[in-house]
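Below is one structure, written out as structure tokens, with a few remarks after it.
The values are calculated or read from the model by the stated rules, or taken from the named source; none is laboratory data. As the structure is a prediction and not an experimental result, all values here were calculated from the model. When we count neighbours, we look across all protein chains shown, and the Cβ atoms used for this are built from the backbone with ideal geometry, even at glycine. All accessible areas refer to the heavy atoms of the entire protein, side chains included, with ligands and DNA or RNA removed. Shrake-Rupley method; radii C 1.70, N 1.55, O 1.52, S 1.80 Å.
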Amino acid sequence: MYIAFEDISEHSHAVDVCIIGAGAAGISMAVTLAERGHRVLLCEGGDADYSERSQECYRGEVVGDPYIPLYGARLRYLGGSTNHWGGICRPLDRYDFTAKSAASETAWPIGRDALSPYYRAAASVLDLAPTPADQPITDSGLKRIYFSLGHPTRLKEKYATTLSESNTLECCLTANLVALESQNGKVTGAIFKNYQGDYRKVQARYFVLACGGIENSRLLLWCNQQLNGQLIPQADTLGHYWMEHPHATVGQALIFEPAALGLDEDYNVFLSPTAQSISSRQILNCGLRLHRMNAEATQELIDELADQAPTLAGRLRVWQAQGRVIHGAVLRAAWEQEPRFDNRIELSEELDDLDVPRSRLVWQQSELDRHTIRESMLLLGEYLRDHEVGRLQMADWLADTPVQLPTEGELAGRHHMGGTRMSLNAEEGIVNPDCRLFAQDNFYVAGSSVFASAGHANPTLTLVQLALRLCDHLESRLTQTV
């Protein structure tokens, strides 16, 4: 049920878990734990619907490569960015959890087997459609991959009845975390502030911060600063190793044996390099997205080819006359970014309306990031050429040395990952494999900010798997004899 901000302290004395942030991770955890009979308080800083006063808290500074304004990169109200996401999901590849030869920092302290048991439950939360298994394309170094592309689920709407009627789940809106209290390795209280300047303190057995891939870092940096480092004594990596999925239109292809890539069946086809190609080409993971052109656009591509390769263009026209299928495809891509210490969230000197320092994102793509997308495109182009099934025309910027990434357009997927990195020790990360702050026995972090590396897949499914795994961990602690 919903409670007013004014009543938040009165209800918190019996709370098992206080979850801060009502996006994909926070709502999935709150509903799951409440259904198991635990007393949960879900605190959301935004309103029930979009409001400028809440969204304004996301405004921040970007330093480095061109990036989407932080104000518009995510949504800050009940349901979080599930209110506008496209519903595109797939798990990370098994090798995304390991140290890639080109970047050892991609290793997680857990493997995919730790998350696989939570796939079915996470798919149920997100209403994901089943997908076929990945299919290697013979002698290509590529595999055909699949995403769940169903109607996107709005968690705010899906769980509206639970949020308003549950006897074990209380939800408080406009409750913005502004401080934490800690004593003897335990968080003893969380201080919230509303937009009228009122404060309330929440006490709980366990706390979970689930405010997103920038906010988790910003809030922990601020709370740790106020506590003089008592919250996170070894904070060298706090806010660091921040990652995105760079996005761009990367070229065009003429496919004149379209069955080789499945273009006879589907309008869009998704490809990625195999684990062997990632190793041999010294790249990170990458998703290539082939969007089939219509007949008119395909013909224009053939006509353009006539100036550069008249013999091939003539052959294509003969094949067209013979009734052979030819498809043009626009190629877009989303690729993995190298986890780098220098990419980070910092606190700005400017304060938001809640008197919390705004975020400052320092973000720059590396030579390995650029190498990854260029080599992935070459991998596809070489396969089309060598097997005489098509030709690839890369975007002009990919031919530059060094590669000069676009400075406008889509730029990135708005996928904020890292900053509170999962690790085996406090020297290399912020949370342990159970997503708990190393120095606090009862404080956890949920969401994509704990990712040690990013793969190329959209992060929502993985972060919900992690959230449900954390539910099981908290369940085991909550049911222990006190």
Query raised in the report: Can you list the lysines whose alpha carbon sits under 27 Å from that of K156, skipping same-chain ones fewer than 8 residues off?
Result: K193, K201
**Report entry** Degrees between helix 367-386 axis and first principal axis of the chain (Cα, 0 to 90, nearest 10)
**Finding:** 30 degrees
**Report entry** Whole-Å distance, taken between Cα centres, linking the stretch 1-80 and the stretch 283-353
**Finding:** 37 Å
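Determine the dipole magnitude for the stretch 127-205: charges of +1 sit on the beta-carbon of Lys and Arg, -1 on that of Asp and Glu, nothing else is charged, the reference point is the Cα centre, and the result goes in debye to the nearest 20.
Computed about the Cα centre, the dipole is about 220 debye.
Whole number in Å², please: accessible area per residue of the chain, 1.4 Å probe, ligands, DNA and RNA not counted.
39 Å²
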Query raised in the report: Put +1 on the Cβ of every Lys and Arg and -1 on every Asp and Glu Cβ in the chain; which of G413, C223, Y119 then has its Cα farthest towards the positive end of the dipole?
Result: Y119
Requested in this report: Positive end of the charge dipole of the stretch 331-376 (Lys, Arg +1 and Asp, Glu -1 on Cβ, about the Cα centre): tell me which of Q365, L347, S376 has its Cα farthest that way.
Outcome: S376
Query - Positive-pole candidate from N285, Q404, L312, dipole of the stretch 268-409, charges at beta carbon - result: L312
Report task. Could you tell me how many degrees, from 0 to 90 and to the nearest 10, lie between the Cα long axis of helix 295-308 and the main elongation axis, the longest principal axis, of the Cα atoms of the chain? Result -> 60 degrees
Report task. Provide the gained length on full extension for the span E388 to A160, in nm with one decimal, where the gain is 0.36 nm per separating residue minus the Cα-Cα distance. Result -> 76.7 nm
Query - Simple spin-label estimate for V318 and D113 in nanometres, 7 Å along Cα-Cβ - result: 5.6 nm
Report task. Tally the DSSP beta bridges in the chain and give the antiparallel ones as a percent, rounded to 5. Result -> 70 percent
Report summary line: Honestly the stretch 125-242 on the Cα gyration tensor test (a ≥ b ≥ c root eigenvalues; a/c under 1.5 rounded, otherwise a/b vs b/c for prolate or oblate) is just oblate
**Report entry** Whole-number percent relative contact order across the chain, with pairs defined as alpha carbons under 8 Å at least 6 apart
**Finding:** 24 percent
**Report entry** Label-point separation in nm, L378 to E427, each point 7 Å along Cα→Cβ
**Finding:** 3.7 nm
Query raised in the report: So what is the 222 nm mean residue ellipticity for the chain from helices alone, if each DSSP H run of at least 4 adds -39500 (n - 2.57) and you divide by all residues, rounding to the nearest 500 deg cm²/dmol?
Result: -7500 deg cm²/dmol
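For a quick check of your reading of the filter: which chymotrypsin sites (Phe, Trp or Tyr not before Pro) in the stretch 215-283 sit in a DSSP loop and have no more than 14 other Cβ atoms within 10 Å?
Values: sites: W222, Y241, W242, F256, Y267, F270; in loops: Y241, W242, F256, Y267.
Sites meeting the loop and neighbour criteria: Y267.
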Query raised in the report: Using a simple charge model, +1 on the beta-carbon of Lys and Arg, -1 on the beta-carbon of Asp and Glu, nothing else, what dipole does the stretch 210-354 show about its Cα centre, in debye to the nearest 20?
Result: 700 debye
Report task. Within the set of other residues whose C-beta is less than 10 Å from the C-beta of I326, count the net charge using Lys and Arg as +1 and Asp and Glu as -1. Result -> +1
Report summary line: For the chain, the dipole about the Cα centre with charges only on Cβ (Lys and Arg +1, Asp and Glu -1), to the nearest 20 debye, works out at 880 debye
Query raised in the report: Using the beta-carbon distance between E367 and T138 and R0 = 30 Å, what value does 1/(1 + (r/R0)^6) give for FRET efficiency, to the nearest 0.05?
Result: 0.45
Query - Nearest 10 degrees, 0 to 90: helix 24-35 Cα axis against the chain principal axis - result: 50 degrees
Query raised in the report: Normalised by the number of residues in the stretch 248-369, what is the relative contact order in percent for Cα pairs under 8 Å and 6+ residues apart?
Result: 31 percent
Report task. Sort out the exposed loop GluC sites (Glu not before Pro) in the chain (DSSP loop, at most 11 other Cβ within 10 Å) and tell me the longest stretch that has none. Result -> 1-264
Query - Mean separation of Cα contacts under 8 Å (6+ apart) over length of the stretch 1-89, as relative contact order % - result: 27 percent
Query - Filtered chymotrypsin sites (Phe, Trp or Tyr not before Pro), the stretch 1-62: DSSP coil and at most 15 other beta carbons within 10 Å - result: Y50
Query - Set of aspartates and glutamates with alpha-carbon distance to K186 below 15 Å, sequence-local pairs under 8 removed - result: D16, D441
Report task. Name the lysines eligible as straight-distance cross-link partners of K100: C-alpha to C-alpha under 27 Å, and not fewer than 8 places from it in the same chain. Result -> K143
